[in-house]
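Engineer: Pasting a structure below so you can have a look.
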Amino acid sequence: MILKPINGTWFEFRHHCTAEGVFWNDTCANFTDAQWEAKVDEIAALGMKYIVLMSSSLVYDGNAVSYFKNDIFQFAPIAASDPIGALLRAAQRNNIKVFMSCGFYGEWTETINNMTSSVVQKRAFNAMEQLVALYGKYESFYGWYLPDESDIKPYFSDEFVNYINAYSKFAKSIVPGSKVLIAPYGTNHLKTDDKYISQIESIDVDIIAYQDEVGVQKATPDETPRFYEALRKAHDKAGRSALWADMELFEFTGKVYQSALKAAPFERIERQIKSISPFVDEILVYQYQGMMNSPESKAFCGHPDSLKLYNDYKAWLEKLK
């Protein structure tokens, strides 16, 4: 079996769920632009090629903030003056491709409303235009990520399909040739029949990175090969949308979705990699930040176990090469 390395990661300036981001949110708020660049350098040092920005703005717990200067939301109360600029600059010098976030321009927990609300869409489209005006000059600005993720039960909802197609059409109108990525969940119960194949054919998206859902305890590495093998066949039949994985590096310190995230042991991560490698084009992870830290990090954030996961993965990667 040919094993695939981790080739990309999600990235965020603040974790949207406060309970989950205990080990890095406060630390990241104090990062300077230089530290954000250093964090991207760390990611590049492990050979990663892609970064997916989770949120360019964030509505959470009654707050509405942005990570770039705009006329929609106030700038976040953080030390960095231009964190998105820092991300793109560092990505460009490291030949990393960045998927820019189109969200969250409505309360992040209100997924269906965010997909269907004309008010949220107007905010998001306005923000996307301003992001292009500010950062479109960077070659690292590769595409777009739609963060309002859908549960596949066992198909995409009409709301999700309409949301994808509307945002993708607008994204490609303002940045021709840009790629659009989504990362839906529900991998453990989707039904890859003719109806699902027709949905893949009908949505205007370049890459679908399905969550493996091991970290959220909805699946195990023994179960995921069956899911991804079925997806491989469906995508091959549809003839469009690259099949990637959104592999979860974390575990919860307590109740799922209600407690802090920390790095999972590499023994589990290795099993996850082995399970999905034969079926996907690329493995991206949620996420380097908070779950991995180089021992020489200039921008350490996360639980101390993140050092061990970094060292274990780096040793494995060197053997793989």
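The values are calculated or read from the model by the stated rules, or taken from the named source; none is laboratory data. All figures in this text were calculated on a predicted structure; none of them were measured in a lab. Don't worry about glycine lacking a Cβ; one is built from the backbone with ideal geometry, like all the others, and counts go over all protein chains shown. Side chains are part of the model used for accessible areas, which takes the heavy atoms of the whole protein and leaves out ligands, DNA and RNA. Shrake-Rupley method; radii C 1.70, N 1.55, O 1.52, S 1.80 Å.
Engineer: Tell me yes or no: at least one residue of segment 138-151 is touching a Cys at 6+ places or on another chain (Cβ under 6 Å), in a loop (DSSP other than H, G, I, E, B) and within 17 Å of Y286 (Cα to Cα).
Structural biologist: Initial filter on segment 138-151 (touching a Cys at 6+ places or on another chain (Cβ under 6 Å)): 144, 146.
Still in the running and in a loop (DSSP other than H, G, I, E, B): 146.
Filter once more, keeping what is within 17 Å of Y286 (Cα to Cα): 146.
Yes, that holds for at least one residue.
Engineer: Take the residues in segment 211-227 that are more than 15 Å from the chain's Cα centre (by Cα) and surrounded by 20 or more Cβ atoms within 10 Å (Cβ to Cβ); name whichever of them is nearest to I164 (Cα to Cα).
Structural biologist: The selected residue is F227.
Engineer: Among the numbered criteria (1) part of a helix (DSSP H, G or I); (2) within 29 Å of Q35 (Cβ to Cβ); (3) without any contact (Cβ under 8 Å) to a residue 12 or more places away in the chain, which one does E296 miss?
Structural biologist: Result: E296 fails condition (1) only.
Engineer: Let me ask something else. Which of the numbered conditions does N165 fail, given that it passes all the others? Conditions: (1) touching an Asp or Glu at 6+ places or on another chain (Cβ under 9 Å); (2) within 22 Å of L284 (Cα to Cα); (3) surrounded by fewer than 22 Cβ atoms within 10 Å (Cβ to Cβ).
Structural biologist: All conditions pass for N165, except number (2).
Engineer: Among the residues of segment 168-205, how many are more than 18 Å from D236 (Cα to Cα), of a type in the set (S, T, Y) and surrounded by fewer than 20 Cβ atoms within 10 Å (Cβ to Cβ)?
Structural biologist: Looking only at that region, the number is 3.
Engineer: Follow-up question, since we're still on this one. I'd like to verify a number: residues in segment 25-68 that are in contact with a Phe, Trp or Tyr (Cβ under 7 Å, 6 or more places away or on another chain) and small (G, A, S), how many?
Structural biologist: Residues flagged as in contact with a Phe, Trp or Tyr (Cβ under 7 Å, 6 or more places away or on another chain) and small (G, A, S) within segment 25-68 amount to 5.
Engineer: Hey, can you tell me all the residues within segment 12-41 that are charged (D, E, K, R), under 17 Å from the mean Cα position of the chain (by Cα) and closer than 25 Å to K314 by Cα?
Structural biologist: Here is the first cut: in segment 12-41, the ones charged (D, E, K, R) are 12, 14, 20, 26, 33, 37, 39, 41.
Next, only the ones that are under 17 Å from the mean Cα position of the chain (by Cα) stay: 12, 14, 20, 39.
Within segment 12-41, E12, K39 meet the criteria.
Engineer: Further question: So, in segment 106-125, of the ones that are closer than 13 Å to P147 by Cβ and crowded, with 18+ Cβ neighbours inside 10 Å, which residue ends up nearest to the chain's Cα centre (by Cα)? Lay out the reasoning, then the answer.
Structural biologist: Quick first cut of segment 106-125, residues closer than 13 Å to P147 by Cβ only: 106-111, 114-115, 120, 124.
Cutting the leftovers down to crowded, with 18+ Cβ neighbours inside 10 Å gives us 106-108, 111, 114-115, 120, 124.
Working: G106: 18, E107: 18, W108: 14, T111: 16, N114: 18, M115: 18, V120: 20, A124: 18 Å.
Checking each candidate, the answer is W108.
Engineer: Separate question: Out of all the residues in segment 238-265, which are part of a strand (DSSP E or B) and surrounded by 18 or more Cβ atoms within 10 Å (Cβ to Cβ)? Step through it out loud before you land on a result.
Structural biologist: Keep residues of segment 238-265 that are part of a strand (DSSP E or B), which gives 242-248, 250-252, 261-263.
If the condition is that a residue be part of a strand (DSSP E or B) and surrounded by 18 or more Cβ atoms within 10 Å (Cβ to Cβ), then L243, W244, A245, D246, M247, E248, F250, E251, F252, L261, K262, A263 are the ones that fit.
Engineer: Would you point out the residue of segment 127-162, among those that are surrounded by 15 or more Cβ atoms within 10 Å (Cβ to Cβ) and aliphatic (A, V, I, L, M), that is farthest from the chain's Cα centre (by Cα)?
Structural biologist: L134
Engineer: Checking I208 against (1) open to solvent by less than 50 Å² (accessible area, probe 1.4 Å); (2) out of contact with any Ser or Thr (no Cβ under 6 Å at 6 or more places or on another chain): exactly one of these is not met. Which one?
Structural biologist: Evaluating I208 over (1) open to solvent by less than 50 Å² (accessible area, probe 1.4 Å); (2) out of contact with any Ser or Thr (no Cβ under 6 Å at 6 or more places or on another chain) leaves (2) as the failure.
Engineer: Oh, and also: Within segment 25-101, considering only helices (runs of 4 or more DSSP H) that don't extend past its boundaries, which have at least 3 residues that are open to solvent by less than 10 Å² (accessible area, probe 1.4 Å) and closer than 29 Å to Y210 by Cβ? Break it down into steps so the answer makes sense when it comes.
Structural biologist: Working: elements: 25-29, 33-45, 83-93.
Result: 33-45, 83-93.
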